[in-house]
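So the structure is just underneath, and the comments pick up after that.
Read-outs throughout are calculated quantities, based only on the coordinates presented, and are distinct from any laboratory measurement. If you're wondering where the values come from, they're calculated on a predicted model, not measured in any experiment. Neighbour counts are summed over all protein chains in view; Cβ atoms, including those assigned to glycine, are modelled from backbone coordinates with ideal geometry.
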Amino acid sequence: MNPPSQKPRLLLLTHYFPAHRGGVEIVAGQLAARLVDDFSISWLAADCDSPPKIVGLHCQPQRAWNDLERYGLPWPLWFWQGWKNLSAAIRASDVLHVHDFIYPSHLVAIFLAAREGKPVLLTQHIGEIAYRNRGLRWLLRAVNRTFGRWALASATQVVFISPRVKREFEKFVDFPRQPLYWPNGVDNRTFFPVDDEARLLLRKRYDLDLEKPLILFVGRFVERKGLGLLESMARSRPEWQWCFAGWGPLDPEAWGIPQVRVWHSLQAEELAGLYQMADLLILPSYGEGFPLVVQEALASGTPVLISEETAAGGPDMPGGVTSIPLDPNKPDAAPWLAAIDRVLVSGGANLWRRTVSEARYSWGWDSLAAQYGNMLKSLMK
C-alpha cells in the first residue's frame with residue numbers, strides 16, 4: 001500500500017479511448033477527468049485513437065488489430081507487447097477499474113488481478129444483443145454465460161449502468177458482493193437547453209431549414225442502432241430534415257437521400273448544438289445497456305424516441321421519453337413515424353423542451369465520480 005502522502009494507483013481499462021466516440025469510453029473519460037485529483041491513474045486501451053490530454057492522467061495506448069470493427073464488432077486485439085505491459089501495470093497498481101468484461105485484455109486483466117491479489121471494480125455496460133445473425137446471437141449468449149459468468153463472479157465489485165442488464169446477469173452469476181446499479185452521468189456544463197432564438201441561430205450556422213422539423217440520430221452507424229429502419233423512415237418523409245452524427249460501416253451518406261445530413265467527427269460541444277436545435281432524438285436500437293446520448297439529449301431539452309427495450313434499461317426519467325416496441329427481425333417504420341407525428345403535430349416538442357431539461361439535475365458526473373472514488377478506495381481496504 002502507498003504511504004499516506006501518495007495517491008492510490010488506479011489502473012483503468014477500456015477497449016478504446018474517448019476519441020473513438022463510443023459511450024463506454026466517453027463514460028470512462030468523464031470519470032477519469034474527475035478522479036485524477038485523488039488517484040494516480042494509468043489508462044490502457046487500444047491505439048486506434050489519440051488518448052485524452054488530461055493533466056495528471058498517464059495514458060498507455062497499446063498496439064492492436066482492429067479490423068473486426070468494420071463488421072460491426074468493436075473488438076480490438078492487442079499485440080504481444082500489450083500483454084506484457086498489462087501485466088506490469090497490474091503489478092504496479094493498487095486497484096483496477098475495468099469497463100465491460102468482454103474484451104480479451106479485460107478478461108486477462110481480471111485473471112491477473114486475482115492472481116496478484118488486486119481488487120477489481122467492473123462496470124458492465126452491455127448485456128444480451130439481439131443480433132439478426134443467429135450465429136452472433138448464440139456466440140454472445142455463450143460468451144456471457146461462460147467468460148462473463150466467470151468475470152463478473154471474479155470481480156471484487158460489479159456496477160451496472162442498466163437495470164435490465166443487471167437483471168440479465170443476476171439470473172446466472174454468483175456475485176461475491178451485491179451488484180450495484182448506477183446510471184451514467186451527464187456533463188451539465190456542455191449539455192444544456194437554449195431558447196428558441198439560439199436554436200434558430202444554430203440551424204443557420206449548420207445551413208439547415210429554419211421551419212422544417214429536424215429529426216436527429218447520434219451513435220455508431222451499425223445494424224443494432226437501427227440504421228436500416230432509419231433509412232426507410234427518411235425515404236418516406238422528405239418533408240423532415242434527418243440529421244445523423246456518428247460513424248461506422250452503414251454510412252447514411254451512401255443512401256443518396258437529399259433530406260439527410262451527416263456529421264462524422266463532432267466534438268462534444270458541437271454535438272451539444274445538434275441536440276439543442278433538434279426537435280427530436282430518435283434511436284431505434286436494440287441490445288444496449290442505456291445509451292449516453294439519450295441522457296445528453298434530455299439534458300439539452302430535447303425529447304427522445306427510443307425502443308421499449310432501451311427505455312427499460314435506463315434510469316427513472318422526468319418525461320420527454322416516448323418508447324416503441326421493436327422487433328429487430330421484423331422492423332416496422334409505421335409506429336415510429338406515427339410517434340414522431342404525434343410529437344411534432346401536437347406541438348409536443350416545444351412543450352417537452354421546457355420540461356425535459358430537468359433531467360440534467362437528476363444526473364451529474366461530479367456526484368457519480370465521487371461515488372466511484374469512494375467505492376475504489378473502499379475496495380483497497
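Please sort by residue number the GluC sites (Glu not before Pro) in the stretch 235-299 whose DSSP state is loop and whose Cβ has at most 16 other Cβ atoms within 10 Å.
Values: sites: GLU239, GLU253, GLU269, GLU270, GLU288, GLU296; in loops: GLU239, GLU288.
In loop regions of the stretch 235-299 (DSSP not H, G, I, E or B), the sparsely surrounded GluC sites (Glu not before Pro) are GLU239.
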### Task
Mind giving me the FRET efficiency for ASP251 and LYS381? R0 is 51 Å, r the Cβ-Cβ distance, nearest 0.05 is fine.
0.55
### Task
Could you sort 56-64, 169-177, 215-223 so that the peptide with the highest average Cβ count within 10 Å comes first and the rest follow in order?
215-223, 56-64, 169-177
### Summary
Quick calc, ASN329 & ARG205: beta-carbon distance into FRET formula, R0 41 Å, rounding 0.05, result 0.50
### Message
Sequence gap at least 6, Cα distance under 8 Å: using those rules, report the relative contact order of the chain to the nearest whole percent.
### Response
15
## Note on the structure
Taking Cα pairs closer than 8 Å and at least 6 residues apart, the relative contact order of the stretch 196-361 in percent is 21
### Task
Pop a pseudo-label 7 angstrom from the Cα along the beta-carbon direction at both SER87 and ARG177 and give the gap in nm to one decimal.
2.9
## Note on the structure
When the chain is treated as a Gaussian network with springs between alpha carbons less than 10 Å apart, the largest mean-square fluctuation among ALA33, ALA45, ALA370 is found at ALA370
### Query
Hey, what's the Kirkwood Rh for the stretch 196-361 if you take every pair of different alpha carbons, in angstrom?
15.7
### Summary
Of TYR71, TYR16, TYR103, the most mobile residue in a GNM of the chain (C-alpha springs, cutoff 10 Å) is TYR71
## Note on the structure
Extension length gain for ARG137 and SER367 (0.36 nm per residue less Cα distance), in nm, is 79.2 nm
